[in-house]
1. Dipole of the stretch 106-232, Cα-centred, from +1 at each Lys and Arg C-beta and -1 at each Asp and Glu C-beta, to the nearest 20 debye?
2. Would you pull out the residues with amide H under 5 Å of Gly30's amide H, same chain only if 5 or more places away, H placed 1.01 Å from N?
3. So what are the ³J(HN,Hα) numbers for the stretch 112-129, from phi and the Karplus equation (6.51, -1.76, 1.60; θ = phi - 60°), rounded to whole Hz, Gly and Pro as x?
4. Between the stretch 87-113 and the stretch 1-74, what's the alpha-carbon centroid distance in Å?
5. Compute a Gaussian network model of the chain, connecting alpha carbons closer than 10 Å, and tell me which residue from Ile140, Ile64, Ile154 fluctuates the most.
6. Using the per-residue mean of other Cβ atoms lying within 10 Å as a proxy for protection, in what order, highest first, do the peptides 93-99, 219-225, 184-190 fall?
7. State the extension gain, in nm to one decimal, for the chain segment bounded by Arg45 and Val174, taking 0.36 nm per residue of separation less the distance between their alpha-carbons.
8. Note down the nm distance, to one decimal, between modelled labels 7 Å out along Cα→Cβ at Ser127 and at Asn22.
Amino acid sequence: SMAEEAKKLAGYAAVDNHVQNNHVVGVGSGSTIVFAVDRLAERVRQEKLNIVCVPTSFQARQLILQHGLTLSDLDRHPELDVAIDGADEVDEALTLIKGGGGCLTQEKIVAGCAKHFIVIADFRKDSSVLGQQWRKGVPIEVIPMAYVPVSRTIAKRFGGEVVLRMAVSKAGPVVTDNSNFILDWKFQHAQNWTVVNTAIKMIPGVVETGLFVGMAERVYFGMEDGTVRIRD
Ligand code: DER
């Protein structure tokens, strides 16, 4: 489909422009990153690159292993050369909503350990303000025993509606790679995301938010016309 082709364009551009020999590479989660990992494995084979990969989820770990790439971790490599990951939506200031796939916590940790955090996305994620196209709200990872008070506090302080993310192929709520729950905060209008992100993180029981503020260095958008648009 057009969106799949656009994901491939973005993934290839990011890997070709930012991964070099002897690099430690953070590998994101979701569907767009699959194209980036395909390209990474192709370049490793063709150019005999010596790189190691740090995953951001069980899914990313499987991708790394399935592609025969070298798996590593933050114990061995607490500082990465580059992290590449997708996003659910990007605004003009490069603030991201992430967590559509429920992997936001390890994604943010790995992104924060990288010298360069590079985002790859198809044209559907390219917004001027958050909420314009992504309608599922901001994912927030919470400690399970606290999800009700955290939900109430967010709704009371910031408005909108907060919903516990329920699993599709499992009875009950989604359980993250870190054994936590996910809340989706359907905000009503754009906010000062720096202030809101900090305020939500301070609520006891909140593990992490899907608001990536001031973290992305550059975003590669694959476009409908086969071009790649760069925002940085
Ligand atoms: O859940 C996540 O954080 C993913 O990285 C998401 O932001 C992008 O997933 P996609 O590439 O499948 O749209």
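The values are calculated or read from the model by the stated rules, or taken from the named source; none is laboratory data. Here the structure is a predicted model, which is why all the values come from computation and not from measurement. Cβ atoms come from the backbone with ideal geometry, glycine included; neighbour counts cover every protein chain shown. Quick note on the areas: whole protein, heavy atoms, side chains included, nothing else; ligands and nucleic acids left out. Shrake-Rupley method; radii C 1.70, N 1.55, O 1.52, S 1.80 Å.
1. Numbers: 16 positive and 12 negative charges, 73 e Å.
That gives a dipole near 360 debye.
2. none
3. x, 8, 9, 5, 10, 10, 10, 10, 10, 7, 8, 4, 6, 8, 7, 10, 8, 10
4. Rounded to whole Å, the Cα centres lie 17 Å apart.
5. Ile154
6. Numbers: 93-99: 24.7, 219-225: 19.7, 184-190: 15.7.
So the peptides 93-99, 219-225, 184-190, ranked by packing, come out 93-99, 219-225, 184-190.
7. Details: separation 129, 0.36 × 129 = 46.44 nm, distance 3.69 nm.
Extending this stretch completely gives an extra 42.8 nm.
8. Between Ser127 and Asn22, the label points sit 4.2 nm apart.
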